[in-house]
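Asker: Before I ask anything, let me first share the structure, which is written out below as structure tokens.
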Amino acid sequence: MHEFTFKDNELYCEDIKISAIARRVPTPFYLYSYKTLLDHYRKLRLAFSAISPLICFSVKSNSNIAILRALVKNGAGLDIVSGGELYRARLAGADPKKIVYAGVGKRPDEIEDAINAGILFFNVESEEELDAIQRSSASLERRVNVAIRINPDVVPRT
């Protein structure tokens with residue numbers, strides 16, 4: 001389902017004329033369709049339903065709190081890459097057990113904050129990062145889950 005349509009040569013988002021919105025708010029602006037967003041999320045969830053996936057939306061791709069809240073409210077997890085994105089995930093009401101922390105360059109304070117928040121796991125990008133997570137978890141006396149990214153030395157011949 002796609003909720004952006006033309007009716008009588010006017011562009012609509014769901015049942016609202018976009019020109020009417022443009023008269024009320026400063027332009028340029030971003031306009032999202034709640035129905036379209038959730039329809040796409042639900043299609044992904046359904047496509048992989050046989051394995052009961054946790055589908056995590058990348059906060060880096062769009063950190064709009066309303067977008068994050070809509071997805072979280074409907075069961076999505078969030079993929080974060082910074083302490084600021086963890087903060088936004090919390091504002092959006094994300095279940096910490098549905099937050100995955102990816103990205104390079106995680107600072108010790110960000111690691112500790114994520115551990116204290118009780119996130120699902122860290123995507124580890126290097127041995128140094130794994131050591132930093134280990135140090136933080138040991139100092140906090142907490143056990144944490146990690147997923148280790150492996151880049152095998154394979155030439156793909158593409």
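Asker: Given the residues Leu37, Leu71, which is the only one that is over 12 Å from the mean Cα position of the chain (by Cα) and either part of a loop (DSSP other than H, G, I, E, B) or surrounded by 13 or more Cβ atoms within 10 Å (Cβ to Cβ) (or both)?
Answerer: Leu37
Asker: Of these, Lys60, Lys43, which one is in contact with a strand residue (DSSP E or B) (Cβ under 9 Å, 6 or more places away or on another chain), among the basic types (Lys, Arg) and assigned to a helix (DSSP H, G or I)?
Answerer: None of the other options fit; the residue is Lys60.
Asker: I'd like the full set of residues that are open to solvent by 70 Å² or more (accessible area, probe 1.4 Å) and either in contact with a Gly (Cβ under 6 Å, 6 or more places away or on another chain) or not hydrophobic (A, V, I, L, M, F, W, C) (or both), limited to the range 40-53.
Answerer: The answer is His40, Arg42, Lys43, Arg45, Ser52.
Asker: Follow-up. Which residue out of Ser139, Ser61 is surrounded by fewer than 13 Cβ atoms within 10 Å (Cβ to Cβ), hydroxyl-bearing (Ser, Thr, Tyr), modelled with pLDDT of 95 or more and touching a helix residue (DSSP H, G or I) at 6+ places or on another chain (Cβ under 9 Å)? Write out each step before concluding.
Answerer: Numbers: Ser61 fails: touching a helix residue (DSSP H, G or I) at 6+ places or on another chain (Cβ under 9 Å).
Within the list Ser139, Ser61, the selection yields Ser139.
Asker: Looking at the range 1-34, which of the residues that are open to solvent by 50 Å² or more (accessible area, probe 1.4 Å) and assigned to a helix (DSSP H, G or I) is farthest from Leu71 (Cα to Cα)?
Answerer: Of everything passing the filter in the range 1-34, Arg23 is farthest from Leu71 (Cα to Cα).
Asker: For the range 80-100, state whether one or more residues are out of contact with any helix residue (DSSP H, G or I) (no Cβ under 6 Å at 6 or more places or on another chain), basic (Lys, Arg) and assigned to a loop (DSSP other than H, G, I, E, B).
Answerer: no
The values are calculated or read from the model by the stated rules, or taken from the named source; none is laboratory data. Owing to the predicted nature of the structure, the values given are computational and were not obtained by experimental measurement. With ideal geometry, Cβ positions are generated from the backbone for all residues, glycine too; neighbour counts draw on all protein chains shown. Ligands, DNA and RNA are stripped out before the accessible areas are found, and what is left, the full protein with its side chains, is counted by its heavy atoms. Shrake-Rupley method; radii C 1.70, N 1.55, O 1.52, S 1.80 Å.
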